[in-house]
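> Have a look at this one before I ask anything.
Just so it is clear, none of the values below were taken in a lab; they were calculated from the coordinates. Owing to the predicted nature of the structure, the values given are computational and were not obtained by experimental measurement. Note that each Cβ is placed from the backbone with ideal geometry, even for glycine, and that neighbours are counted across all protein chains shown.
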């Protein structure tokens, strides 16, 4: 039954994505926030489909801790789930994305319209400089930059592999960083089509205010996210066994 429900959801997910891509086309003639609102609506519909089709719910804790204005959002990355599910939490969110995604017809064009920040991973240290400059300009406009400090999805419970770019961004942006812990990998594992019923727990942690050194920030960020993530994973696993 899980297999069948997962197949149905995956089909509906892509149908929903195509639908919102078409809805987003008129935003080419609107301010950039038009496509951002379309992306947030896409995320909300995906969450409804997950709940109805495969029984995946969401519980968000600590949303009241999110400050207004420009922010860095540093989230744990276990699944494709957080690439859409976190969008509705913020006013004008944006992502750092691989440059190659911007080349995809319609999808990439709309990301460019939404002023997502492309990064050329083959450019080495220059990529970090360019990313920081572009992201800082968007944050200065009052936007919320969602970044995955590990750079790629990691299985639930896997050893963390944080990259230092987030510390460089924190040091230059001069805004609070809001860490987010989650356990989405238990229900939407990477590299599989299966979607398992349950409740994804998302916890917004205390903001890290500007002013720490890069090393202090980096250590605190990893410590805060990993401790909270381990707790959320343990909590959900205990419920699965009970």
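> Using alpha carbon coordinates only, what is the Rg to Rh ratio of the chain, with Rh defined as the Kirkwood radius?
My calculation puts Rg/Rh at 0.95.
> Zone of residue 192 (label point 7 Å along Cα→Cβ, backbone N under 12 Å): which residues in region 1-29?
Only 2-3 pass the distance filter.
> Rank 222, 126, 144 by mean-square fluctuation in a GNM of the chain with C-alpha springs under 10 angstrom and give only the top-ranked residue.
Its mean-square fluctuation being the largest, the pick is 126.
> Taking 0.36 nm per residue of sequence separation and subtracting the Cα-Cα distance, how much length would be gained by fully extending the chain between residue 137 and residue 106, in nm to one decimal?
That works out to 8.7 nm of additional length.
> Oh, and also: Ranked highest first by average number of other Cβ atoms within 10 Å, how do 186-196, 99-109 line up?
Those peptides, ordered most packed to least, come out 186-196, 99-109.
> Here's a follow-up. Going highest first, how would you order 226-232, 136-142 by mean Cβ packing within 10 Å?
Values: 226-232: 17.9, 136-142: 16.1.
Highest-to-lowest ranking by the protection proxy: 226-232, 136-142.
> Of the beta bridges DSSP finds with both residues in the chain, what % are antiparallel, to the nearest 5?
15
> I've got another one for you. Given 0.36 nm per residue, what is the gain on full extension from residue 219 to residue 52 after removing their alpha carbon distance, in nm?
56.2 nm
> Same structure, new question: Report the label-to-label distance for residue 98 and residue 172 in nanometres (one decimal), using points 7 Å from each Cα along the Cα→Cβ vector.
Spacing of the two 7 Å Cα→Cβ label points: 2.3 nm.
> Now, a different point. Within region 39-82, find all residues whose amide N lies under 17 Å from a label point positioned 7 Å from the Cα of residue 4 along Cα-to-beta-carbon.
From region 39-82, the list is 52-55.
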